[in-house]
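See structure below.
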Amino acid sequence: MIVSRRALVGAALAAPAIIAASRLGWAADARTLKISHQFPGGTLEEGDFRDRITRRFAAEVEKRTAGTLRFEIYPSSSLMKTLAQFSALRKGALDLSLYPMPYAGGEVPEANLGLMPCLVTSYEQGRRWRTAAIGQELTRIMDSKGVKLLTWIWQAGGTASRAGAVMNPEDVKGMKIRGGSREMDMMLKAAGAAVSTIPSNELYAGMQTGAVDAAITSSTSLISFKLEELSKHLTVPKQHSYWFMLEPLMMSKTIFDSLTPNQQKVVEQVGLEMEDFGYPAAQADDSRIAQIYGKAGVSTADMTADAVKRWTDIARDTAWKDFAERTKDGARLLKLAEQV
C-alpha cells in the first residue's frame, strides 16, 4: 500500500491532539457539527449577540472536549432557509440552530408559547421559565419532537414603523404589520391591523417595498437588520414590552443522543452558561437602540405600562383563548406560565 507524504504529515500533526484527547478521557475521533441561524454573522467580540452566542458556545465546547467536538457556523441562513431549520433539526439533518421558538409553532403548537403576547413581560420572569414547571413541560414536549433546548434567551421587542408611531391598540388600525407569531397576529388583527408573516431577516426588503408598514421584533434584530434606515418612528422596549420572544440554541436530539456522556454533559453545561452572556446583551440592545435610531433621525418613545395593559386585555380575549382551545393541554400550559 502506498501512503502519500501529505497523509503522513497529516497523521503526524493530528497525533498530539488524539493523544491529548485520549488522556483526558475523550473519544479520539473528532466530529464537526453545523450550527445554522438567520442572523448576521460576526466574531466572538463583535456583531449580533445571537451569532456571538453560537461562536462562544462552539469555542468553549471544543475547548472542554479537547477538540473532539468542533463546529462550523452558518449565519444569515446561508446553510438553509430560516423556516426549514426546525424540521431539519427534528430529522437530524441539521445539528444545531439558534432559532426563534414561535417559528416552530406550525409543527409543534406548544412552541407558540415562545411569543405569546403579554404572557412574558420582563426578563426576570422569562429567565425563571427554564427551571419552572412551564419550562420543564416545554422541554419535555420539545424532546418528544426531536429537539433539545440548550440555551434559553428571551428578548424584548419594539416596533419600527415607516408610517405612524405604534404604542396603543388604536395605532395599528389599517397598518400592515409584522408581529412574529400566529398569536401576535391574532391580537394585532383584533386591533384592526393587517398582518405579515415574514421572518425578521426579510423585514428590510418588506419595509423597503411597502409590503410592511411596521415591524415588531427584538431590539437586536431592529439593530442588526438596519431598519432605522427605513423607519420614521420607534417604540422602545427599555422598561415595558408586550413582545418577548424565546430564542434558544437548539440541538437535534438525534445528534445529542449520539454524543458520548461526557460530551453531552459539556454541551448542556456550556449552553446554560451562555445565558449569563445572552441576557445582559439583550438588555444592552434595549438601551442602545434608541440612540441608534435617534441618530438616524427616527422619532422614539418608550413603551408604557398602561399600553401593555391595554394590549393584554386584547391578548387574553384572542390569542390566549385560541391557544387554550386549539392546543392540547393549552389551558393548563397557560396556567403554568402565568404562575412564573
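The values are calculated or read from the model by the stated rules, or taken from the named source; none is laboratory data. What you see is a predicted model, and the numbers here were worked out from it, not measured in a lab. Backbone-built Cβ (ideal geometry, glycine too); neighbour counts: all protein chains shown. SASA here: full protein model, heavy atoms, side chains in, ligands and nucleic acids out. Shrake-Rupley method; radii C 1.70, N 1.55, O 1.52, S 1.80 Å.
Tabulated data
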| read-out | value |
| --- | --- |
| Bridge type composition, the chain - antiparallel percent by DSSP, nearest 5 | 50 percent |
| Amide H partners (placed H, <5 Å) of Ser196, local residues excluded | Ile177, Arg178, Gly179 |
| Degrees between helix 49-64 axis and first principal axis of the chain (Cα, 0 to 90, nearest 10) | 20 degrees |
| In degrees, nearest ten, helix 275-295 long axis to first principal axis of the chain (Cα) | 50 degrees |
| Dipole of the chain, positive end: most advanced residue of Val108, Tyr242, Tyr293 [Cβ charges, Cα centre] | Val108 |
| Choice from Gly180, Gly157, Gly294 showing the highest fluctuation, given a GNM over the chain with Cα pairs closer than 10 Å | Gly294 |
| Normalised contact order of the chain, rounded percent, pairs of Cα under 8 Å and 6 or more residues apart | 22 percent |
| Accessible area in square angstrom per residue, the stretch 53-188, 1.4 angstrom probe | 34 Å² |
| Surrounding net charge for Ala190, when Lys and Arg each add one and Asp and Glu each subtract one, Cβ distance under 14 Å | -1 |
| Karplus (6.51, -1.76, 1.60) ³J(HN,Hα), θ = phi - 60°, over the stretch 324-337, in Hz, Gly and Pro reported as x | 5, 7, 9, 9, 4, 6, x, 4, 5, 5, 4, 5, 4, 5 |
| Where Cα atoms sit under 28 Å apart: lysine pairs in the stretch 142-282 separated by 8 or more or lying on different chains | 17 |
| Set of aspartates and glutamates near Lys321 by C-alpha distance (under 19 Å), chain-local residues within fewer than 8 positions excluded | Glu110, Glu183, Asp185, Asp313, Asp329, Glu338 |
| Charge dipole (debye, nearest 20) of the stretch 85-182; +1 at Cβ of Lys and Arg, -1 at Cβ of Asp and Glu | 160 debye |
| Förster-model FRET efficiency, 22 Å R0, Glu229 and Ser299, C-beta, rounded to 0.05 | 0.90 |
| Pairwise label distance in nanometres, Gln239 with Glu273, each label 7 Å out on the Cα-Cβ vector | 3.7 nm |
| Cα-centred dipole magnitude for the chain, charges only on beta-carbon of K, R (+1) and D, E (-1), debye, nearest 20 | 760 debye |
| Environment charge at Ser252 (Cβ cut-off 12 Å; Lys +1, Arg +1, Asp -1, Glu -1) | +3 |
| Segment Ala211-Thr254, length gained on full extension (0.36 nm per residue, minus Cα span) | 11.6 nm |
| Derived scalar couplings ³J(HN,Hα) [the stretch 201-206; Karplus, 6.51 cos²θ - 1.76 cosθ + 1.60; whole Hz; x for Gly, Pro] | 6, 10, 5, 4, 5, x |
| Residues Gln283 and Asp322, FRET efficiency given R0 of 30 Å [Cβ-Cβ distance, rounded to 0.05] | 0.45 |
| Percent accessible area from carbon and sulfur atoms, the stretch 55-180, protein chains only, probe 1.4 Å | 47 percent |
| Simple Cβ-charge dipole of the stretch 126-274, Lys/Arg +1 and Asp/Glu -1, about Cα centre, in debye nearest 20 | 140 debye |
